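**Student:** This is the structure I want to talk about, given as structure tokens.
The values are calculated or read from the model by the stated rules, or taken from the named source; none is laboratory data. These numbers were taken from a predicted model, which means no experiment stands behind them. Methodologically, a virtual Cβ is constructed for each residue, glycine included, from the backbone with ideal geometry; neighbour enumeration extends over all protein chains shown.
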Amino acid sequence: MTQSIQQNLNLIEHHLKQYDLWSVQTPSSEQLSSTTPFAYDVMPFEQWLQFIFIPKIQFLIDSEQALPSSMSISPMAEHVWGQQTQLQPLIELLKATDKLFND
């Protein structure tokens, strides 16, 4: 499972870059410490994926810590990007990622 999750993290990064959603500017420490789900109060969803989700899951994998046993990030992706047909592959990837954590 860890290998599949790692592959999905790499693909999420690839898709964010492909769709020009990858940010070169790191959010402030205040933004990164948001406790609001998906930090939606201080950053766009794609930045949450890039600066919070991917690094956190990567840290857990690298340090061989327990991964979350359930996750539901694709509904937020559908909410934010649902009308952008070009982003459907990314949304589907996030659905697959949710499924990996929830199985």
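**Student:** Considering only residues of the range 1-28 that are outside any helix (DSSP H, G or I) and in contact (Cβ under 8 Å) with a residue 12 or more places away in the chain, which is surrounded by the most Cβ atoms within 10 Å (Cβ to Cβ)?
**Tutor:** Pro27
**Student:** Do we find that Thr35 is touching a helix residue (DSSP H, G or I) at 6+ places or on another chain (Cβ under 8 Å) and outside any helix (DSSP H, G or I) in this structure?
**Tutor:** No, not satisfied.
**Student:** How many residues, within the range 48-65, are within 17 Å of Ser4 (Cα to Cα), assigned to a helix (DSSP H, G or I) and not aliphatic (A, V, I, L, M)?
**Tutor:** Residues meeting the conditions: 6.
**Student:** Another question about this same structure. Quick check on this structure: which one of Gln47, Gln31, Gln65, Gln84 is among the polar types (S, T, N, Q) and crowded, with 17+ Cβ neighbours inside 10 Å?
**Tutor:** Every option except Gln47 fails the conditions.
**Student:** Now a separate question. Condition test on Pro75, is it loosely packed, with under 15 Cβ neighbours inside 10 Å and in a helix (DSSP H, G or I)?
**Tutor:** On the way: loosely packed, with under 15 Cβ neighbours inside 10 Å: yes; in a helix (DSSP H, G or I): yes.
So Pro75 passes the test.
**Student:** Determine which single condition Phe59 fails, assuming it passes every other condition in (1) of a type in the set (Phe, Trp, Tyr); (2) surrounded by 11 or more Cβ atoms within 10 Å (Cβ to Cβ); (3) over 23 Å from Pro89 (Cα atoms).
**Tutor:** Result: Phe59 passes all but (2).
**Student:** Is there a residue being of a type in the set (Gly, Ala, Ser) and modelled with pLDDT under 95 anywhere in the range 35-48? It would help to see each step written out before you state the result.
**Tutor:** Just the residues of the range 35-48 that are of a type in the set (Gly, Ala, Ser), to begin with: 39.
Next, from what is left, pick out any that are modelled with pLDDT under 95: none.
No, that holds for no residue.
**Student:** Out of all the residues in the range 91-103, is one or more modelled with pLDDT under 95 and either out of contact with any helix residue (DSSP H, G or I) (no Cβ under 9 Å at 6 or more places or on another chain) or of a type in the set (Val, Ile, Thr) (or both)?
**Tutor:** Scanning the range 91-103, I find at least one residue that is modelled with pLDDT under 95 and either out of contact with any helix residue (DSSP H, G or I) (no Cβ under 9 Å at 6 or more places or on another chain) or of a type in the set (Val, Ile, Thr) (or both), so the answer is yes.
**Student:** Something else about it: Hey, does the range 56-72 have a residue that's touching a helix residue (DSSP H, G or I) at 6+ places or on another chain (Cβ under 9 Å) and within 16 Å of Leu87 (Cβ to Cβ)?
**Tutor:** No: zero hits.
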